[in-house]
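Comments concern the structure below.
Taken together, the values in this text are just the output of simple stated rules run on the coordinates, not laboratory data. Here the structure is a predicted model, which means the values were calculated and not measured. Methodologically, a virtual Cβ is constructed for each residue, glycine included, from the backbone with ideal geometry; neighbour enumeration extends over all protein chains shown.
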Amino acid sequence: MEPQLVSALTPQAAALAGDLSIWALILQADMVVKIVMVILLLASIWCWAIIVEKARRMRRLTQQADQFEESFWSGGSLEQLYDRIGAAPDHPLAMLFSVAMREWTLATSRGVPVTDERAQWNLQRRVDRVMGVALSREMDGLERRLGFLATVGSTAPFVGLFGTVWGIMNSFQSIAMTKNTSLAVVAPGIAEALLATALGLVAAIPAVIAYNKLANDLGRYANRLETFTGEFVALLSRQMSERKN
């Protein structure tokens, strides 16, 4: 029985050894290794989709923030700026301004005595609170799906390693079944195993680099929003003090 098995497997192993291209290795891999490779390929594709989308969005948000701050600090009327951008602007910095102006407009329309120190302090506190809530909500939206990059970056190498271990186990089984330690028997399984590891690294390395870069960019953007919040509350306080005087 064993000589027949050897004669049946040896030509097949020789044929596999002759074609070690990436596509051939994927097609010839064990089902478990194939599943691992497909998972890693899909994870890599989704990571790149997230990376491209986040990079484009951050570049657009930076440009929009620059334009808004130029308008905000141009010396024009805040009410006119609020009327121009509306109640639902399309970027976070203008959204902070919008919710703050909405609270300010609502307070003044109700006849809140902003010349009273206690009423002034309460209004500043409400404006600061609504801006803080809006900032948290906007940052949550910007950080969405970043966790997937972190997950892939930390787990993809281990998923690839699992495929590697499985492929090497198959190689040892082939050696045991054929009683043959030639390269023709061992090479295909080892190549499949190493390909799984390579795919794990292909998915993990860009995910880690992009996550660190995007996290830093979002951190700087969050600081920019917090700085604007403080500046706007200070400006509001100054305007109320001028009205009082």
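Using the Karplus equation 6.51 cos²θ - 1.76 cosθ + 1.60 (θ = phi - 60°), what ³J(HN,Hα) coupling, rounded to whole Hz, does each residue of the stretch 120-136 give in order, writing x for Gly and Pro?
4, 5, 5, 5, 4, 5, 5, 4, 4, 5, 5, 5, x, 5, 5, 4, 4
So, in nm, how far is label LYS34 from label ALA119 when the simple model puts each one 7 Å beyond its Cα toward the Cβ?
Between LYS34 and ALA119, the simple spin-label model gives 7.6 nm.
Tell me, what HN-Hα J-couplings in whole Hz come from the Karplus equation 6.51 cos²θ - 1.76 cosθ + 1.60 at θ = phi - 60° for each residue of the stretch 69-83, using x for Gly and Pro?
These are the phi-based 3J(HN,Hα) values: 5, 4, 5, 5, 8, 6, x, x, 6, 5, 5, 5, 5, 5, 5 Hz.
How large is ³J(HN,Hα) for each residue in the stretch 55-61, as worked out from phi by the Karplus curve 6.51 cos²θ - 1.76 cosθ + 1.60 (θ = phi - 60°), to whole Hz, x for Gly and Pro?
5, 5, 5, 5, 5, 5, 5
Would you mind counting up the charge near MET131? Only other residues with Cβ under 14 Å from its Cβ, with Lys and Arg at +1 and Asp and Glu at -1.
Around MET131, the surrounding residues sum to +1.
Give me the extension gain from GLU143 to ALA55: residue separation times 0.36 nm, minus the current Cα-Cα distance, reported in nm with one decimal.
Using 0.36 nm per residue and subtracting the Cα-Cα distance, I get 30.5 nm.
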